[in-house]
1. With a Förster radius of 25 Å, plug the Cβ-Cβ distance of residue 20 and residue 96 into 1/(1 + (r/R0)^6) and report the FRET value to the nearest 0.05.
2. Output ³J(HN,Hα) for the stretch 181-196: one whole-Hz value per residue in order, computed from phi by the Karplus curve 6.51 cos²θ - 1.76 cosθ + 1.60 with θ = phi - 60°, and x for Gly and Pro.
3. Please identify the trypsin sites (Lys or Arg not before Pro) of the stretch 92-164 that satisfy two criteria: DSSP loop assignment and at most 16 other Cβ atoms within 10 Å. Which are they?
4. Could you work out [θ]222 nm for the chain from helices alone, using -39500 (n - 2.57) per DSSP H run of at least four and dividing by all its residues? Round to the nearest 500 deg cm²/dmol.
5. By count of other Cβ within 10 Å, fewest leading, how are 40, 92, 291 ordered?
6. Return one number: the angle in degrees, 0 to 90 and rounded to the nearest 10, between the long axis of the Cα atoms of helix 297-306 and the longest principal axis of the Cα atoms of the chain.
7. By how many nm would the segment from residue 77 to residue 121 lengthen if fully extended, with 0.36 nm per residue of separation less the alpha-carbon distance?
8. May I ask you to sort 238, 108, 121, 83 by Cβ crowding, counting other Cβ atoms within 10 Å and putting the fewest first?
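Throughout, read-outs are computed from the coordinates displayed, never taken from laboratory work. These numbers were taken from a predicted model, which means no experiment stands behind them. Methodologically, a virtual Cβ is constructed for each residue, glycine included, from the backbone with ideal geometry; neighbour enumeration extends over all protein chains shown.
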Amino acid sequence: MQTTVVVGARGSRLAQAMVAEFLARLDACPVVKFKNRVVMTDGDRDRKSSLREVSGASGNGSGAFTNQLGQELLAGRIDVAVHSLKDLPTVMPEGLVLAVTPLRAEIHDALCGSTLAGLRHGARVGTGSPRRVAQLKALRPDLTIVPIRGNVPPRLAKLKTGLDAVVLAASGLRRLGLEDSITELLPLDDFPPAPGQGAIGIQLRAADTELREMLNSYGDPATDAAVRAERALLAELHGGCSVPVGAYAVPFGDGLKLTAQVTSLDGTQRVFSSATGPDAQLLGETLAHRMLEQGAEAILRQIRVTV
């Protein structure tokens, strides 16, 4: 294995905070020097278009912040890519793999600026996530949802320019030291997070087996099992960033309990279900099939026609 490993990530404060968190876990590895390299992604270059438009061929928004990092890996310009796991497509490009996922941070969505109950009728709430839009509309159809994109601090700043509240991942706020901005953690029963939310995805070349083995030893098996179940469900539902699928898995006995929700874009229809099992991949696939039979297929079909 090479003695210098180049770690690539986006240049945002949050991405660099995740790199620092990842590298801090590797302090006990004296035989390898890690070098950080900032990579500009399509999602960083274009802040005006929707994520679905930016991601192009991927078609679901999930590649806007990840495709360029994968290309840098395959070209050999970086050796490890650090991602927000919820942004990573469920299908890896040929030649790339994920290491065992490190310990996960907070999974909840956070409402900043107000509590949900405290929002006035018709209040303006900012979010760029179709999942969050759908979940908000399901509980508060009176709200006016304002699409916003960008890094965390600029989105928070929208509270000073006409928005009553914004919805952000609590993990990102905490990683940036902005936890004081959290007014309310939204309940998981009504606001299940994006699959993989709060987790860091460590991507590398499949051929770098020695590096992968080393990085695996710094991962957290419980986190890894949970996110694999969530991502298996998402893959089976053929979902992505533009599809309102929320899911989270927690330890349960000798296995996992996976809870998921599919919500129509207008919030009027929801399919909510959970299942338990010892095998993460099988659990995700099984619950997805159950939800499709319970009505998620019709919701997802309509969404694909709409978007």
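1. Calculated transfer efficiency: 0.60.
2. Per-residue couplings from phi come out as 7, 6, 8, 7, 7, 6, x, 5, 5, 9, 10, x, x, 4, x, x Hz.
3. Those that pass, being in a loop and sparsely packed, are 120.
4. -9000 deg cm²/dmol
5. 40, 92, 291
6. 90 degrees
7. Between residue 77 and residue 121, full extension yields 10.7 nm more.
8. 121, 238, 108, 83
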